[in-house]
Amino acid sequence: MKLGLLTAPFPDTPLGEVAEWARSAGFEALEIACWPKASGASRRYAGTSHIDAGTSAAQAKDIAAELAGKGLTISGLGFYPNPLHPDQAHRGAVIDHLKKVIVLASRMGVSLVNTFCGGDASKTIDANWEAAQKVWPEIIAHAREHGVKLAFENCPMIFSYDEWPGGHNIAYSPYIWRRILEAWGGDVGMNFDPSHLVWQMIDKERFIREFGPHMLHVHAKDLMIDHDGLYERGILSAGIGWQVPRMPGLGDINWSTIFSGLYRAGYDGPVIIEHEDRRFEGSDEKVKRGFLLARDVLCPFVK
């Protein structure tokens with residue numbers, strides 16, 4: 001395993017500077033945020049463009065070589081949009097950019113692009129799955145042609161009322177993951193984030209036992225349930241008002257149990273810290289402090 005970080009919380013810091021700091025702090029891998037340069041997403045921890053998706057083949061190779069020279073592995077390129085968005089223009093734009101990110105990964109010699117399956121929050125899971133079967137085969141074929149695999153994160157994308165009640169990403173539960181793997185398992189795997197199982201009350205150990213062999217990438221993010229918020233809003237609020245993202249070690253996850261399951265499942269890939277903790281934001285120094293705290297919690301498990 002290699003411990004690294006997702007570059008998204010450094011939107012105004014050039015990739016080279018992020019890489020230099022990561023190397024000096026003992027990290028071994030980067031997941032590089034690749035949102036559109038001109039008009040990234042407005043939500044928190046999204047919209048960062050550390051590499052322009054239109055980068056030439058020669059420039060892409062140079063970037064990969066520069067990071068390798070610093071002793072850093074690229075775990076994957078990250079772009080997390082909604083390819084099943086109900087607005088067709090929006091859907092088309094994000095799919096077009098996703099395809100460009102796939103080409104960029106191929107040019108860099110990076111074999112993985114991390115993304116979302118997507119979802120229309122107003123539709124049922126089954127209706128969304130029908131739409132996914134129409135949208136994704138062409139994108140998956142594009143990735144296959146470029147020697148790239150796709151990893152869907154298991155995040156429901158329900159953090160605010162514009163995402164309620166169904167969320168903006170359906171690839172969050174065993175119910176859909178079995179369908180995804182049956183349909184596209186040779187080309188699509190999971191970017192596993194255990195924090196999303198906490199507030200859904202999905203058995204984490206069982207989830208790893210079932211889907212561990214299909215995990216291509218792991219995000220290390222913790223989550224704390226605010227029990228006062230849960231009392232006020234109840235479970236039908238789908239986590240809004242009581243799921244609190246934290247740095248690893250500051251939430252409800254037992255990381256020894258998570259790593260025990262990953263090792264038993266045969267996972268030996270990158271473990272990438274995803275920073276969404278409000279207690280450690282507002283400046284690069286605070287973001288770095290959060291990453292360092294998470295590093296010290298996780299390092300004993302990453303061998």
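The values are calculated or read from the model by the stated rules, or taken from the named source; none is laboratory data. All values derive from a computational prediction rather than experimental measurement. All Cβ positions, glycine included, derive from the backbone under ideal geometry; neighbour counts span all protein chains shown. The area values use the complete protein model at the heavy-atom level, side chains included, leaving out ligands, DNA and RNA. Shrake-Rupley method; radii C 1.70, N 1.55, O 1.52, S 1.80 Å.
Only residues that are part of a helix (DSSP H, G or I) and touching a His at 6+ places or on another chain (Cβ under 9 Å) were counted in the stretch 153-179, giving 1. In the stretch 122-132 there is no residue matching the filter, namely being without any contact (Cβ under 8 Å) to a residue 40 or more places away in the chain and under 18 Å from the mean Cα position of the chain (by Cα). Of all residues in the stretch 33-53, one or more are on the phi > 0 side of the Ramachandran plot and either out of contact with any helix residue (DSSP H, G or I) (no Cβ under 6 Å at 6 or more places or on another chain) or in contact (Cβ under 8 Å) with a residue 40 or more places away in the chain (or both).
Within the stretch 254-284, how many residues are farther than 19 Å from Ala46 by Cα and out of contact with any Leu (no Cβ under 7 Å at 6 or more places or on another chain)? Counting residues in the stretch 254-284 that are farther than 19 Å from Ala46 by Cα and out of contact with any Leu (no Cβ under 7 Å at 6 or more places or on another chain) gives 15.
Restricting the stretch 178-199 to residues that are acidic (Asp, Glu) and touching a Lys or Arg at 6+ places or on another chain (Cβ under 7 Å) leaves a set whose member that is nearest to Lys134 (Cα to Cα) is Asp187. For the stretch 169-192, filtered to residues that are open to solvent by 40 Å² or more (accessible area, probe 1.4 Å) and touching a residue at least 24 places away in the same chain (Cβ under 8 Å), the residue that is nearest to Gly261 (Cα to Cα) is Tyr172. For the stretch 83-109, the set of residues classified as open to solvent by 10 Å² or more (accessible area, probe 1.4 Å) and in contact with a helix residue (DSSP H, G or I) (Cβ under 8 Å, 6 or more places away or on another chain) consists of His85, Arg91, Ile95, Lys99, Arg107, Met108, Gly109, listed by residue number. Can you find a residue that is surrounded by 21 or more Cβ atoms within 10 Å (Cβ to Cβ), touching a Ser or Thr at 6+ places or on another chain (Cβ under 7 Å), more than 24 Å from Asp296 (Cβ to Cβ) and at pLDDT 95 or above anywhere in the stretch 7-15? No, the stretch 7-15 contains no residue that is surrounded by 21 or more Cβ atoms within 10 Å (Cβ to Cβ), touching a Ser or Thr at 6+ places or on another chain (Cβ under 7 Å), more than 24 Å from Asp296 (Cβ to Cβ) and at pLDDT 95 or above. Annotation: Leu150 fulfils all but one of (1) part of a loop (DSSP other than H, G, I, E, B); (2) touching a strand residue (DSSP E or B) at 6+ places or on another chain (Cβ under 6 Å); the unmet one is (1).
Among the residues making up the stretch 193-214, those that are open to solvent by 10 Å² or more (accessible area, probe 1.4 Å) and either within 15 Å of Glu274 (Cβ to Cβ) or in a helix (DSSP H, G or I) (or both) are Val198, Lys204, Glu205, Arg206, Arg209, Glu210, Pro213, His214.
Considering only the stretch 56-68, I want to know if a residue exists there that is open to solvent by 60 Å² or more (accessible area, probe 1.4 Å) and over 20 Å from His146 (Cα atoms). Checked the stretch 56-68: at least one residue is open to solvent by 60 Å² or more (accessible area, probe 1.4 Å) and over 20 Å from His146 (Cα atoms). Checking each residue in the stretch 248-303 for being free of Cβ contacts under 8 Å to residues at least 24 places away in the same chain, assigned to a loop (DSSP other than H, G, I, E, B), open to solvent by 60 Å² or more (accessible area, probe 1.4 Å) and more than 18 Å from Met224 (Cβ to Cβ) picks out only Gly282. The set of residues from the stretch 171-190 being out of contact with any Leu (no Cβ under 7 Å at 6 or more places or on another chain) and either on the phi > 0 side of the Ramachandran plot or not aliphatic (A, V, I, L, M) (or both) comprises Tyr172, Ser173, Pro174, Tyr175, Trp177, Arg178, Arg179, Glu182, Trp184, Gly185, Gly186. Is there a residue in the stretch 229-237 that is open to solvent by less than 20 Å² (accessible area, probe 1.4 Å), part of a helix (DSSP H, G or I) and not hydroxyl-bearing (Ser, Thr, Tyr)? Yes, the stretch 229-237 contains at least one residue that is open to solvent by less than 20 Å² (accessible area, probe 1.4 Å), part of a helix (DSSP H, G or I) and not hydroxyl-bearing (Ser, Thr, Tyr).
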